[in-house]
1. Could you check residue 287 against (1) within 28 Å of the chain's Cα centre (by Cα); (2) closer than 17 Å to residue 168 by Cβ and say which number it fails?
2. From 104, 93, grab the single residue that is assigned by TED's automatic domain parsing to the domain that holds residue 50 and assigned to a loop (DSSP other than H, G, I, E, B).
3. Considering segment 546-565 alone, what residues qualify as being touching a helix residue (DSSP H, G or I) at 6+ places or on another chain (Cβ under 7 Å) and either free of Cβ contacts under 8 Å to residues at least 60 places away in the same chain or of a type in the set (Gly, Ala, Ser) (or both)?
4. Being crowded, with 19+ Cβ neighbours inside 10 Å and part of a loop (DSSP other than H, G, I, E, B) is the filter here, so list the residues in segment 384-419 that pass it.
5. Does at least one position in segment 184-195 carry a residue that is small (Gly, Ala, Ser), part of a helix (DSSP H, G or I) and not assigned by TED's automatic domain parsing to the domain that holds residue 36?
6. Could you tell me which numbered condition residue 576 fails, if it satisfies all but one of (1) at pLDDT below 85; (2) more than 21 Å from residue 460 (Cα to Cα)?
7. Which condition number does residue 21 fail, the rest of (1) touching a strand residue (DSSP E or B) at 6+ places or on another chain (Cβ under 8 Å); (2) modelled with pLDDT of 90 or more; (3) surrounded by fewer than 16 Cβ atoms within 10 Å (Cβ to Cβ) being met?
8. Which residue is modelled with the lowest pLDDT, if the candidates are limited to segment 160-187 and must be surrounded by fewer than 18 Cβ atoms within 10 Å (Cβ to Cβ) and in contact with a Phe, Trp or Tyr (Cβ under 9 Å, 6 or more places away or on another chain)?
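The values are calculated or read from the model by the stated rules, or taken from the named source; none is laboratory data. Note that this is a predicted model, so its numbers are computed, not measured. Cβ coordinates were reconstructed from backbone atoms using ideal geometry, including for glycine residues, and neighbour counts include every protein chain displayed.
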Amino acid sequence: MSIIKNFTVKEFLALEQARGIRLVGGAGGQNRVITSVNIMDNPDTVGWLQEGELLLTTGYVFKDDPALQSNLIRELAERNCAGLGLKIRRYFDTIPQHMIEEADRYNFPLLELPFAYSLSQISHTVYQAILNRQATLLEKSQEIHKRFTDVSLAGGTLEEIVGTLVQLINNPVIVLDSKWRLLSYIDHPNNPHPLADCLRLVRGQRVFAGDFTEGIPRETSRWEKSIKRVYSCRQSRVQCRIKPVAAAGNMYGFIVVWETVKKLNELDYVAVEHAATVIALERMKQQAVEETKHRLRADFFDDLLAGKIESVNAVRTLGEIHGLYTDKPYICLVVEIYSDPGERSRLSQAAGLYTGLGKVAQSSPLFKGIAELVDRLTSHQWGGSVSIIRTNKIIIFLPVEDEEKLRNSKLESMALAANLYERIKEQYSQVDFSVGIGRPCESVLDLKRSFLEALEAIRMARKIAVPHTVAHFEDFMVYHLLDSIRNRQDLERFFNNTVGKLVEYDEKNNTDLVNTLEQFFACKGNMSAAAEKLFIHRNTMMYRLEKIKSILNVGLEDAEELLELHLGLRVMRLLSLGRRPGPDKDAG
């Protein structure tokens, strides 16, 4: 493809039709671009001149005014006009020396026009040359447009679009999204500074540091032309040209041309412009496809969790598209996230599923970061897992592949949940959240039950204020049963008849007997294990148990009495009565 450049004074003088026209001053300005021609017939003409205009004159208006002659050269140069052509042997036998010196001072082309040439003839020659170049540029631009259109109509990928651009401009190209993360790149075989040697090219990751992108407009309205940036690579300075990928006022990304093989010319910029348009359309199409897929996925899971899908056949096709299979049991795990660290304690008093207060917006960078971490960890630790996001919840469906895994499903899902909890806490220490797990469901159609169990486990753990990092539905079965008793007076009566006196004794004497009894039950009646857990001597543990027997007037050997005390402690937590476990005491 031939190179189309701007039409300069030097190129005008090289035309056959301009033979005889001489450059007598301002040789340093020969590369000034000619965009149009104007003929001067009065002094006021100068006030109307535009950048790039070539002014032609017989000199009649300033023939007797040397000061005006010098001032004219200076003013035309300051207006960035292309040059001044003065026709001789009409009012000037030769061009005055002071005009030539002024033209040299400003590197402003001063042309001597032969008497035989009419000004209109010269004007026609210039316009004809400009039009010919514009026609050639238009033809080449259409060729470029056709190349990209053919790629687009053939369903070309982003890589094919970038490859076409690299072929057209003979320079490496990098395409980034609106956050400067890598989408695609193609190097050039003649690149003296290979991209891989200078940049960290990982798809989805940011390529350039902030100092490179600083000050680059985010609004499409502020872009008038490509922006030049210099990148330092191995003690070399690489020229880069940055062009936005935008459409309908939306920024979809950037094209970065690694200008190392050759300097971009006018046609190259045309190619970059066309590429930016095609890439913007491709990004819009991909965004529309992703939004449609997301909406269909969201509708499917919403219907599934709401129990609206009742047929296995109805769920089979859509389920497999989204990674769920009807021939496997699944476990539902929920990570519920809150922005306010105090929200958990307030919600522990609520009777509903959740209040919705203090929820982290799923569109926030914080929530997205946690969601990506959860998805990555579960995919790695539990193959075949599927995760979705709803309000402030990350919902994970864990497939149970075989009978052995089904038998150990609680232990394995608890281990996964504990790992998730620790990693989230480690990376997002400022976030308040809970993890709940439901029981395995035999069919995908029963996922609603496992999902609601996971939510119920979270709710119950908050309500009884137990320091559980992970809540499994099965660990709260007794609480679920007791909570189903709607008559609070019955529960309070049962509490008072079982462990109420022990709670009252602790509050009056600042002792820790309730916690001692709870740890005794947690250790299945093993006094040594309970003493070790409470960091007290075994004799102290024996003394406390005797004190408990005395206060409650019970023995700790009878199974019925033990069951009643155990249930009494559960009711206490459920009603949020009694003191939270405090500092250990050496004596009751």
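1. Among (1) within 28 Å of the chain's Cα centre (by Cα); (2) closer than 17 Å to residue 168 by Cβ, the lone unmet condition for residue 287 is (2).
2. Details: 104 fails: assigned to a loop (DSSP other than H, G, I, E, B).
Testing whether each residue is assigned by TED's automatic domain parsing to the domain that holds residue 50 and assigned to a loop (DSSP other than H, G, I, E, B) leaves just 93.
3. First, the residues of segment 546-565 that are touching a helix residue (DSSP H, G or I) at 6+ places or on another chain (Cβ under 7 Å): 547-548, 551-552, 554-556, 564-565.
Matches in segment 546-565: 547, 548, 551, 552, 554, 555, 556.
4. 385, 392, 400
5. Keep residues of segment 184-195 that are small (Gly, Ala, Ser), which gives 184.
Within this subset, residues satisfying the condition of being part of a helix (DSSP H, G or I) are none.
No; the residues of segment 184-195 include none that is small (Gly, Ala, Ser), part of a helix (DSSP H, G or I) and not assigned by TED's automatic domain parsing to the domain that holds residue 36.
6. With (1) at pLDDT below 85; (2) more than 21 Å from residue 460 (Cα to Cα) applied to residue 576, the lone miss is (2).
7. In the conditions (1) touching a strand residue (DSSP E or B) at 6+ places or on another chain (Cβ under 8 Å); (2) modelled with pLDDT of 90 or more; (3) surrounded by fewer than 16 Cβ atoms within 10 Å (Cβ to Cβ), residue 21 misses (3) alone.
8. 178
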